[in-house]
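Data block below; observations after.
The values are calculated or read from the model by the stated rules, or taken from the named source; none is laboratory data. Since this is a predicted model, take the numbers as computed values, not measurements. A quick note on method: Cβ atoms are made from the backbone with ideal geometry, for glycine too, and the neighbour counts reach across all protein chains shown. The accessibility values were calculated without ligands, DNA or RNA, using every heavy atom of the protein model including side chains. Shrake-Rupley method; radii C 1.70, N 1.55, O 1.52, S 1.80 Å.
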Amino acid sequence: MKITQTMAAVVMAAAAFHLQAADDSPELNEARALVKEFGTTLKGEVQKGMKEGGPVHTIDVCSKKAPDIAKDISEKSGWEVARTSLKYRNPGNSPDEWEREVLEQFEARKNAGEPVQSLEFAELVGSGEERRFRYMKAIATGEVCLNCHATEIKPEVEAKIKEIYPTDQARGFKTGDIRGAFSLSKIY
């Protein structure tokens, strides 16, 4: 138990260091603004989908509109914009090694008592022309998410998910869990 608490403290200190080092950077502010745009747009589409056809219809919103929103924001901003998760539904959203490490840090920080809504991480990685600013912001599981991401879901929702995502791993969530994260990067 003591080792886990010590590791969580080290993880939290490292995360805070990275953000403090660049807290007022234009890159960090731009990344935060893009995440806000992506999240707000996606939330609006999910709410619209729920009103138009409930959870089954909203699966199509998440599978088709979310990638389109990310692509549009990427094209207009010059950033690579995506979503990822430790328990992903779409194999195309599986985390790379850096993202996996950050998601694991997010889980440790959450378990140490940090609110999911405050979990973010930024870092400049690589060297030379391959220097890349990377940013992630955790996505909290909301009540509406449980229609498709809870342990138990309606049979028609489960059938639609299996049809589109036969290797789905994105189940078993509860309100307030880390559903995943927005992941952004840009070469500098």
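Annotations
- Of all the criteria given as (1) hydroxyl-bearing (S, T, Y); (2) in a loop (DSSP other than H, G, I, E, B); (3) more than 13 Å from the chain's Cα centre (by Cα), the one not satisfied by S63 is (2).
- In segment 129-146, residue nearest to P95 (Cα to Cα) [restricted to those that are in contact with a Leu (Cβ under 9 Å, 6 or more places away or on another chain) and open to solvent by less than 70 Å² (accessible area, probe 1.4 Å)]: M136
- Considering segment 21-32, and only residues there that are touching a helix residue (DSSP H, G or I) at 6+ places or on another chain (Cβ under 9 Å) and modelled with pLDDT of 95 or more, the residue that is most open to solvent (accessible area, probe 1.4 Å) turns out to be E30.
- All positions within segment 82-96 that are farther than 10 Å from A181 by Cα and open to solvent by 60 Å² or more (accessible area, probe 1.4 Å): K87, P91, G92, D96
- Among residues of segment 150-188, those that are surrounded by 14 or more Cβ atoms within 10 Å (Cβ to Cβ) and free of Cβ contacts under 8 Å to residues at least 40 places away in the same chain, counted: 2
- Exactly one residue out of G39, G78, G53 is at pLDDT below 95 and open to solvent by less than 70 Å² (accessible area, probe 1.4 Å): that is G53.
- Number of positions in segment 106-125 that are surrounded by 13 or more Cβ atoms within 10 Å (Cβ to Cβ) and either over 29 Å from T167 (Cβ atoms) or under 13 Å from the mean Cα position of the chain (by Cα) (or both): 11
- Residue within segment 11-20 that is at pLDDT 95 or above, open to solvent by less than 80 Å² (accessible area, probe 1.4 Å) and in contact with a helix residue (DSSP H, G or I) (Cβ under 6 Å, 6 or more places away or on another chain) present: no
- The set of residues from segment 143-164 being in contact with a Pro (Cβ under 8 Å, 6 or more places away or on another chain) and closer than 15 Å to K87 by Cα comprises just one member, C148.
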